[in-house]
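The structure under discussion appears below in the form of structure tokens.
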Protein chains: 2
Amino acid sequence: MKKKRKISIKDISKELGISTTTISFIINNKAKNRISKEVIEKVEDYIEKVGYKPNTTAQTLRTGKSKTIVFMAEDISDPFFSAIAKEMEEIAFENGYKIIYCSTENKKERALELLDLFKDRQVDAFIITPPEGFKDEMEKLIRENKQAVMVFDRYYDDFEHNYVVLDNLASSTRATRYLLDNGFQNVGFVGLKSDISPTLERLQGYQQVMAENGQKDRSVLIPFDEVKTLTGRKKIYDFIKRNPQIDSLLFATNSLAISGLKTLKEMSLKIPEDVSVLTFDDRDLFELYSPPISVISQPVSQLANELIKGTLNLLESDFKESSKFRKVLKGQLIERISSSRVSENNSI
Amino acid sequence: MKKKRKISIKDISKELGISTTTISFIINNKAKNRISKEVIEKVEDYIEKVGYKPNTTAQTLRTGKSKTIVFMAEDISDPFFSAIAKEMEEIAFENGYKIIYCSTENKKERALELLDLFKDRQVDAFIITPPEGFKDEMEKLIRENKQAVMVFDRYYDDFEHNYVVLDNLASSTRATRYLLDNGFQNVGFVGLKSDISPTLERLQGYQQVMAENGQKDRSVLIPFDEVKTLTGRKKIYDFIKRNPQIDSLLFATNSLAISGLKTLKEMSLKIPEDVSVLTFDDRDLFELYSPPISVISQPVSQLANELIKGTLNLLESDFKESSKFRKVLKGQLIERISSSRVSENNSI
DNA sequence: TCGTTTTACTAAATCGATTTAGTAAAACGA
DNA sequence: TCGTTTTACTAAATCGATTTAGTAAAACGA
């Protein structure tokens with residue numbers, strides 16, 4: 001088993017007696033109107049024959065383009081993010097790009113570390129779900145303008161940037177109205193304690209509709225770190241205990257809903273008779289739950305498509321048109337039994 | 001906003017009047033016993049001061065090492081694989097490696113495409129979950145010995161390779177015995193139609209125990225592509241209809257179990273009264289299901305740790321000790337209500 | 001016809017590191 | 001004391017592409 005060295009452009013040059021310049025032009029489709037048909041054909045045939053593929057590292061070193069995109073998600077093992085990741089991956093590969101994934105865990109320090117790591121590793125673009133309190137760093141990154149930057153799932157008011165987000169305000173408004181329309185008066189809101197836009201807008205949409213309808217704002221905000229823990233569940237438990245009037249719960253994320261469902265089960269509260277449930281983000285768990293849980297589903301395919309295509313477009317155009325790409329997509333309310341109207345005589 | 005070029009080793013060389021050779025030695029910790037303390041300190045201080053980071057692309061071009069690992073999973077959006085991915089990612093980063101993920105969808109052609117894509121993109125290692133019928137390609141890849149290759153979740157008998165797998169035979173044996181011990185006589189098996197080792201071993205373990213106990217083998221195998229479809233569910237439905245004696249079902253994967261649970265719901269069969277359920281792979285869905293579903297849980301953290309540390313070790317040792325790394329980990333049976341003993345008088 | 005333009009190419013520099021093959025001076029050693 | 005070894009460094013080659021700055025020959029044009 002000989003270790004055969006990979007063939008290089010120089011080998012082809014020697015073999016065919018044609019300069020590497022000419023060969024490079026042909027490989028990169030810059031041969032039109034410059035190189036004769038015969039030479040182009042000769043080189044292309046030879047490349048085909050020996051299966052030559054240019055060394056991407058050398059190309060990156062020379063051109064400064066690495067054909068690499070970093071997707072910095074909140075948590076790549078969260079079904080929402082991993083579904084997005086998978087769809088993007090395929091389109092990226094088709095376009096000759098590779099994606100590197102990482103998870104911030106919604107921690108500023110971790111995001112900063114990852115950013116530092118990749119900034120000096122010749123990456124072409126960042127698709128970022130910024131954690132809490134990361135605004136200044138994002139602004140700096142975008143201002144440096146060294147890579148294309150696409151912000152996902154959240155956005156900032158204070159400066160221009162490219163982003164793809166759900167219309168969280170409209171979705172939350174719609175969700176709250178729907179619960180009220182279904183006869184639930186005392187809707188409680190379980191959200192995240194966080195300054196990122198979806199969190200704020202989901203709460204805001206809820207509060208607006210409640211105020212419009214002369215209802216009280218009954219909400220609890222759980223810190224990101226506590227969502228999946230006993231502490232988080234305890235907070236939801238206390239919230240429900242403190243507000244016995246609540247006949248309906250709107251959860252701001254799928255993780256909150258899962259902790260909420262566990263809590264409701266422990267409290268032996270029946271869904272939807274004792275309390276109806278509606279949550280953001282669909283998961284197969286919600287469809288299979290007893291009873292099936294109503295959701296505001298995010299258009300995963302569409303989000304992933306906009307994200308990756310938008311990013312690729314930025315890269316194509318050398319991102320001179322930067323900071324102008326904005327997509328706000330609609331959520332879809334999927335009604336299941338957990339939020340269905342309950343006949344009047346049923347009550348705790 | 002000036003575009004300031006990144007500082008290079010040459011800039012340092014000029015600035016300090018020290019050759020790039022010396023600086024390179026210092027950066028790469030090869031300065032011991034070669035370069036004077038004063039010079040080392042001078043260079044290190046300067047590097048610290050200006051925040052110099054070597055250009056990784058240039059390093060890759062020169063050394064042939066890219067510090068990149070490709071993780072080719074069956075489906076990166078499957079919770080099992082995304083959980084593994086996330087754990088590996090962190091350890092890889094800590095060690096200066098980045099991971100590129102991709103999904104084969106269990107399709108040979110797709111895996112081949114991806115392999116081709118990465119083989120000539122200077123990747124240091126592959127962690128692969130090979131799809132069906134990919135044995136020859138895997139053998140070839142390993143024989144070429146250009147990258148470290150770690151096989152995950154499955155293995156081959158015919159040639160030596162590094163792998164990390166679950167002890168599927170023992171787990172399946174244990175699971176089947178447990179169901180029999182719990183009073184279920186007619187255990188049915190819902191598996192994948194596939195030639196990969198976990199599938200075969202899970203079926204085999206089931207069959208062995210059934211035979212030992214003088215019970216009939218009642219199994220159905222669903223093609224990978226159909227698992228999440230109506231066609232797949234129809235096959236499970238028909239299987240149950242054809243075998244009305246079945247009082248218990250063992251599912252070979254979490255996806256099969258989800259399709260199975262949907263089917264059982266449609267058929268209005270009660271768990272565990274009409275049919276008990278046990279499945280491979282834990283998911284939060286199973287814990288929250290009504291009733292909670294018993295599982296054979298794979299040790300995700302441990303698997304991820306062995307995979308990435310094993311791979312990093314291969315890379316450290318220039319993978320000369322290749323094809324000797326084998327880890328077979330134990331599954332854990334988690335008992336929940338879906339497989340609990342049912343009093344004798346209950347029957348369909 | 002002869003200066004200019006176009007065509008079809010190439011030599012050499014370059015991206016930014018590592019590594020090979022050295023050297024001058026100091027230290028050693030019998 | 002003087003040949004050898006050690007110490008502390010460096011110049012130049014190299015990885016494999018792209019790009020800059022050219023050139024010789026052919027075609028053109030008045």
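The values are calculated or read from the model by the stated rules, or taken from the named source; none is laboratory data. A quick note: this is a predicted structure, and the numbers were derived from the prediction, not measured. Don't worry about glycine lacking a Cβ; one is built from the backbone with ideal geometry, like all the others, and counts go over all protein chains shown.
Six or more apart or on different chains, Cβ under 8 Å: which pairs go from a residue in region A:23-39 that's within 14 Å of chain B (Cβ to nearest Cβ) to one that's within 13 Å of DNA strand D (Cβ to nearest atom) and part of a loop (DSSP other than H, G, I, E, B)? Could you list them?
A:Ile27/A:Pro54
Applying the selection to region B:85-122, what residues are aliphatic (A, V, I, L, M), facing another protein chain (nearest Cβ under 8 Å) and closer than 12 Å to A:Tyr101 by Cβ?
B:Ala85, B:Ile99, B:Ile100
Just wondering, is there one or more residues in region A:163-174 that are of a type in the set (Ser, Thr, Tyr), within 14 Å of another protein chain (Cβ to nearest Cβ) and within 21 Å of A:Pro223 (Cα to Cα)?
Checked against the condition, which is being of a type in the set (Ser, Thr, Tyr), within 14 Å of another protein chain (Cβ to nearest Cβ) and within 21 Å of A:Pro223 (Cα to Cα), region A:163-174 yields no hits at all.
Collect the residues in region B:131-154 that are buried (at least 20 other Cβ atoms within 10 Å of the Cβ) and more than 14 Å from every other protein chain (Cβ to nearest Cβ), keeping them in residue-number order.
B:Pro131, B:Phe134, B:Met138, B:Ala148, B:Val149, B:Met150, B:Val151, B:Phe152, B:Asp153, B:Arg154
Would you check if there is a residue in region A:245-254 being farther than 30 Å from A:Ile99 by Cα and out of contact with any strand residue (DSSP E or B) (no Cβ under 6 Å at 6 or more places or on another chain)?
Within region A:245-254, one or more residues are farther than 30 Å from A:Ile99 by Cα and out of contact with any strand residue (DSSP E or B) (no Cβ under 6 Å at 6 or more places or on another chain).
For B:Val50, are the conditions met, namely being more than 8 Å from every other protein chain (Cβ to nearest Cβ), at negative phi and in contact with a Ser or Thr (Cβ under 8 Å, 6 or more places away or on another chain)?
No: the conditions fail for B:Val50.
Given the conditions (1) away from DNA strand C (no atom under 16 Å from the Cβ); (2) in contact with a Phe, Trp or Tyr (Cβ under 6 Å, 6 or more places away or on another chain); (3) farther than 24 Å from B:Thr63 by Cα; (4) hydrophobic (A, V, I, L, M, F, W, C), report the number of the one that A:Leu115 does not fulfil.
Every listed condition holds for A:Leu115 apart from (2).
Looking at B:Thr57, B:Thr63 in this structure, which one is within 9 Å of chain A (Cβ to nearest Cβ), under 23 Å from A:Leu61 (Cβ atoms) and within 16 Å of DNA strand D (Cβ to nearest atom)?
Of B:Thr57, B:Thr63, the one residue that is within 9 Å of chain A (Cβ to nearest Cβ), under 23 Å from A:Leu61 (Cβ atoms) and within 16 Å of DNA strand D (Cβ to nearest atom) is B:Thr57.
So which of A:Glu132, A:Glu105, A:Glu87 is more than 16 Å from DNA strand C (Cβ to nearest atom) and part of a helix (DSSP H, G or I)?
Matching residue, one of A:Glu132, A:Glu105, A:Glu87: A:Glu87.
Anything in region A:13-31 that is within 14 Å of DNA strand D (Cβ to nearest atom) and either among the hydrophobic types (A, V, I, L, M, F, W, C) or not in a helix (DSSP H, G or I) (or both)? List them, or say none.
Selection gives A:Leu16, A:Ile18, A:Ser19, A:Ile23, A:Phe25, A:Ile26, A:Ile27, A:Asn28, A:Asn29, A:Lys30, A:Ala31.
Identify, from the list A:Arg154, A:Arg110, the residue that is part of a loop (DSSP other than H, G, I, E, B) and charged (D, E, K, R).
A:Arg154
B:Asn313 versus (1) assigned to a helix (DSSP H, G or I); (2) at pLDDT 95 or above: which is the lone unmet condition?
So the condition that B:Asn313 fails would be (2).
Is there any pair linking a residue in region A:46-75 that is closer than 17 Å to A:Thr20 by Cα and assigned to a loop (DSSP other than H, G, I, E, B) to one that is away from DNA strand C (no atom under 16 Å from the Cβ) and of a type outside the set (Asp, Glu), with Cβ under 7 Å and at least six apart or on different chains, and which?
Close Cβ pairs satisfying both conditions: A:Tyr52/A:Ile7.
For A:Phe325, all conditions in the list (1) free of Cβ contacts under 8 Å to residues at least 24 places away in the same chain; (2) surrounded by 15 or more Cβ atoms within 10 Å (Cβ to Cβ); (3) within 24 Å of A:Ala92 (Cβ to Cβ); (4) not acidic (Asp, Glu) hold save one; what is the number of the exception?
Exception for A:Phe325: condition (1).
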